[in-house]
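A.B. asks: This is the structure I have questions about; it appears just below.
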Amino acid sequence: MCTAGGSFSSVSDRSCVTWTAIISGYAEKGNMEEALKLFNAMGAAGEKPDLITVLSVISGCGQTGVLEIGKWIDAYADSNCLKHNAIICNALIDMYAKCGNIDDAWYIFTTMPDRTVVTWTTMIAGCALGGLFEVSLDLFNQMVYSGLKPNHITFLSVLQACTHGGFLEKGWECFNMMTEIYKINPGLDHYSCMVDLLGRKGKIKEAFEFVQAMPIKPDAAIWSSLLSSCKIYQNVQIGEYAAHRVIEMEPHVSYPYVALANIYASAGRWNGVARIRTMMKNKRVIKSPGQSLLEINGKTHAFTVEDRGHYNGELIYDILDCLVLQSKDDETSQQLDSTLEHVLESIS
């Protein structure tokens, strides 16, 4: 964004489109602090943010999980008479759900006078994302009963709820409803959900047969989903097949190698583990470290596995040590509270 920021600074006559473009760019990159500064600067310069400007900030908040800024932009939309717009309300529902605030998402949904298919679908997806799988399915039933026609995204959200909720029978019911009643051709995402659902229920063979019978070519995500199930249920034969399909499509992605090595290890096939490690070395495949994001006072902090480079790392690991102690001894709770307060003050 440095080049874009430099180009923006050189523009003397900035229109709403110009401001929105730079704000949207920072929001898409996850730099919500800078996006908010520019949003405020836009107003101070006498240029009123329009619908697209506000939507870009809401979307950025949802992608990064920055709830406090999301609440601020919600209040801004309300005070500027933008919340009568269904598109803004749908975006806010999505943002709150992605930030883990399902209560505020639900409030907006229930207070909307006119709910479109997008509104219902967004709320269904939000409940599924928040672990409210049965609520998600109940909303779907209400939507169908109201006479609205679900689209392919609605069915994808419902299938995701069935998958993570472990509702195999309901998943098949929705999949068949989509194809037979609403005549919607499933996409790769829909097939992936069904493979994942079958796999999670331990029906590895059925999942494999389902993939082989697909009318479209399975992608790496579908084979990876099957591979994950094989790892859980230690199915070596189908796991090998699925892993090799993923490797053919994405030879430099570490997951299929690591998953197959774990399957071999669970089965005591150490020669297979060694062979996979050699293959990764020869192909120069590197396992990417995991990363977690934490928001404190509107600012996002990234934490990577085995990386202690955070500027407050010493304090953070102090509190982690206290947490470990607390799990063993309740007398450390006072020490934990004191350290936690110190850490939060330092980070913010």
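A.B. asks: Whether any residue in the stretch 141-151 is in a helix (DSSP H, G or I), of a type in the set (A, V, I, L, M, F, W, C), in contact with a helix residue (DSSP H, G or I) (Cβ under 7 Å, 6 or more places away or on another chain) and open to solvent by 40 Å² or more (accessible area, probe 1.4 Å) is what I want to check.
C.D. replies: no
A.B. asks: Within the set of pairs 6+ apart or on separate chains, which have a first residue in the stretch 79-101 that is farther than 18 Å from Gly130 by Cβ, a second that is part of a loop (DSSP other than H, G, I, E, B) and among the polar types (S, T, N, Q), and C-beta atoms under 6 Å apart?
C.D. replies: Every condition considered, the pairs that remain are Ala86/Thr116.
A.B. asks: A further question on this structure: Do the conditions hold for Trp72, that is, is it of a type outside the set (Gly, Ala, Ser) and under 21 Å from the mean Cα position of the chain (by Cα)?
C.D. replies: no
A.B. asks: Here are Val253, Val258, Val273, Val285: which of them is assigned to a loop (DSSP other than H, G, I, E, B) and more than 23 Å from Asp189 (Cα to Cα)?
C.D. replies: Val285
A.B. asks: Does Ile238 meet the test of being modelled with pLDDT under 95, assigned to a helix (DSSP H, G or I) and either more than 30 Å from Phe140 (Cα to Cα) or open to solvent by 60 Å² or more (accessible area, probe 1.4 Å) (or both)?
C.D. replies: no
Listed here are the residues, each with its yes/no results for (1) farther than 26 Å from Ser146 by Cβ; (2) at pLDDT 90 or above.
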residue	(1), (2)
Lys29	yes, no
Glu34	yes, yes
Ile52	yes, yes
Ser59	yes, yes
Lys71	yes, yes
Asn85	no, yes
Ile93	no, yes
Trp106	no, yes
Met123	no, yes
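A.B. asks: Right, here's the next one. Condition test on Ser12, is it exposed (fewer than 14 other Cβ atoms within 10 Å of the Cβ), assigned to a loop (DSSP other than H, G, I, E, B) and at pLDDT below 90?
C.D. replies: yes
A.B. asks: Go through (1) on the phi < 0 side of the Ramachandran plot; (2) loosely packed, with under 14 Cβ neighbours inside 10 Å; (3) in contact (Cβ under 8 Å) with a residue 12 or more places away in the chain one by one and return the number of the condition Gly166 breaks.
C.D. replies: Of the numbered conditions (1) on the phi < 0 side of the Ramachandran plot; (2) loosely packed, with under 14 Cβ neighbours inside 10 Å; (3) in contact (Cβ under 8 Å) with a residue 12 or more places away in the chain, the odd one out for Gly166 is (1).
A.B. asks: Among the candidates Tyr233, Tyr255, Tyr191, Tyr182, which residue alone is over 28 Å from Ile153 (Cα atoms) and either crowded, with 17+ Cβ neighbours inside 10 Å or of a type outside the set (A, V, I, L, M, F, W, C) (or both)?
C.D. replies: After applying the criteria, what remains is Tyr233.
A.B. asks: Cβ-Cβ below 8 Å, separation at least six or inter-chain, first residue in the stretch 28-52 and part of a helix (DSSP H, G or I), second of a type in the set (Phe, Trp, Tyr): which pairs?
C.D. replies: Met32/Tyr26; Glu34/Tyr26; Ala35/Tyr26; Leu36/Trp72; Leu38/Trp19; Leu38/Tyr26; Met42/Trp19
A.B. asks: Looking at the structure I just gave you, is Gly65 modelled with pLDDT under 90, closer than 27 Å to Ala97 by Cβ and not basic (Lys, Arg)?
C.D. replies: Taking the combined requirement at face value, the residue satisfies it.
A.B. asks: Test of understanding: among Ala261, Ala220, which residue is in contact with a Pro (Cβ under 9 Å, 6 or more places away or on another chain) and either of a type in the set (A, V, I, L, M, F, W, C) or within 24 Å of Ala161 (Cα to Cα) (or both)?
C.D. replies: Of the residues listed, the single one that is in contact with a Pro (Cβ under 9 Å, 6 or more places away or on another chain) and either of a type in the set (A, V, I, L, M, F, W, C) or within 24 Å of Ala161 (Cα to Cα) (or both) is Ala220.
A.B. asks: Now for a separate question. Just give me the residues in the stretch 258-276 being open to solvent by less than 20 Å² (accessible area, probe 1.4 Å) and either within 25 Å of the chain's Cα centre (by Cα) or within 20 Å of Asp196 (Cβ to Cβ) (or both), in sequence order.
C.D. replies: Of everything in the stretch 258-276, those that are open to solvent by less than 20 Å² (accessible area, probe 1.4 Å) and either within 25 Å of the chain's Cα centre (by Cα) or within 20 Å of Asp196 (Cβ to Cβ) (or both) turn out to be Ala259, Leu260, Ile263.
A.B. asks: Shifting gears a bit: Output yes when any residue across the stretch 69-80 is open to solvent by less than 20 Å² (accessible area, probe 1.4 Å) and not in a helix (DSSP H, G or I), and no when none is.
C.D. replies: no
A.B. asks: Moving to a separate point now. Scan the helices (runs of 4 or more DSSP H) fully inside the stretch 157-221 and keep the ones with 1 or more residues being under 23 Å from Cys127 (Cβ atoms).
C.D. replies: It comes to 168-176, 188-200.
The values are calculated or read from the model by the stated rules, or taken from the named source; none is laboratory data. What you see is a predicted model; the values in this text were computed from it and never measured. Glycine gets a Cβ as well: all are built from the backbone with ideal geometry, and neighbour counts include every protein chain shown. Areas reflect the complete protein model, heavy atoms only, side chains present, ligands, DNA and RNA absent. Shrake-Rupley method; radii C 1.70, N 1.55, O 1.52, S 1.80 Å.
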